[in-house]
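Chemist: This is the structure I have questions about; it appears just below.
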Amino acid sequence: WSSQFGGFQQYVNAYTGADAGMNTHSSAESFDFAANGSYHWQLSVASGYVGNIKFSGAKSDGTLTMPNNWQINFSDIENKPRLYNAYFSCVKGARILWLQDTGYGDYKGFGKK
């Protein structure tokens, strides 16, 4: 399951209209689930001003448990256990896995790779 995000900001001088640079962000996050209850998680990020873009990333392997039908407990995401709320939605020809880290943020949609 994977999710990608990208965006940019173009800066222009308000007085002259001259280009003042561009800031970009792109990220990709993925979960690979195995039938034996193990998983691989990976996050890749590239962001910064064009000409000075920084790259970073993180990855983890571990085991998952499901305390109920609506949550997944991952043993290691960025060096600590994490509990996510989870559900599926369906659209014609595809399913979307929605995950929300209960300690941070809103739901994020993941498509099947």
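The rows are residues; the columns are (1) within 19 Å of PHE110 (Cβ to Cβ); (2) out of contact with any Asp or Glu (no Cβ under 9 Å at 6 or more places or on another chain).
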site: PHE5; (1), (2): yes, no
site: TYR11; (1), (2): no, no
site: ALA20; (1), (2): no, yes
site: ALA58; (1), (2): yes, no
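Chemist: Here are some residues: ILE72, ILE77. Which one is surrounded by 15 or more Cβ atoms within 10 Å (Cβ to Cβ), under 30 Å from GLN9 (Cβ atoms) and of a type in the set (A, V, I, L, M)? Write out each step before concluding.
Modeler: On the way: ILE72 fails: under 30 Å from GLN9 (Cβ atoms).
Criteria check complete, one pass: ILE77.
Chemist: Restricting the first residue to region 85-110 and requiring it to be exposed (fewer than 11 other Cβ atoms within 10 Å of the Cβ) and among the acidic types (Asp, Glu), which pairs with a second residue that is at pLDDT 95 or above and not in a strand (DSSP E or B) meet a Cβ separation below 8 Å and a spacing of at least six or different chains?
Modeler: If the second residue must be at pLDDT 95 or above and not in a strand (DSSP E or B), no pairs are left.
Chemist: Give me the pairs: first residue in region 1-25 and of a type in the set (Phe, Trp, Tyr), second residue not in a strand (DSSP E or B), beta-carbon distance under 8 Å, and six or more apart or on different chains, which are they?
Modeler: The qualifying pairs are TRP1/LYS112; TRP1/LYS113.
Chemist: Quick check: is even one residue across region 8-19 modelled with pLDDT under 95, surrounded by 13 or more Cβ atoms within 10 Å (Cβ to Cβ), more than 11 Å from the chain's Cα centre (by Cα) and more than 18 Å from LEU97 (Cβ to Cβ)?
Modeler: No.
Chemist: Right, next: Among what's in region 30-77 and is of a type in the set (Phe, Trp, Tyr) and farther than 18 Å from THR102 by Cα, pick the residue that is farthest from the chain's Cα centre (by Cα). Full working, then the answer.
Modeler: Let us first name the residues in region 30-77 that are of a type in the set (Phe, Trp, Tyr), namely 31, 33, 39, 41, 49, 55, 70, 74.
Now narrow it down to the ones that are farther than 18 Å from THR102 by Cα: 33, 39, 49, 55.
Numbers: PHE33: 15, TYR39: 15, TYR49: 21, PHE55: 15 Å.
Per the criteria, the residue is TYR49.
Chemist: Among the residues of region 12-20, is there at least one that is among the charged types (D, E, K, R) and farther than 30 Å from THR65 by Cβ? Step through it out loud before you land on a result.
Modeler: Step one: list which residues in region 12-20 are among the charged types (D, E, K, R), which gives 19.
From the residues that got through so far, the ones that are farther than 30 Å from THR65 by Cβ too are 19.
Within region 12-20, one or more residues are among the charged types (D, E, K, R) and farther than 30 Å from THR65 by Cβ.
The values are calculated or read from the model by the stated rules, or taken from the named source; none is laboratory data. Here the structure is a predicted model, which means the values were calculated and not measured. A quick note on method: Cβ atoms are made from the backbone with ideal geometry, for glycine too, and the neighbour counts reach across all protein chains shown.
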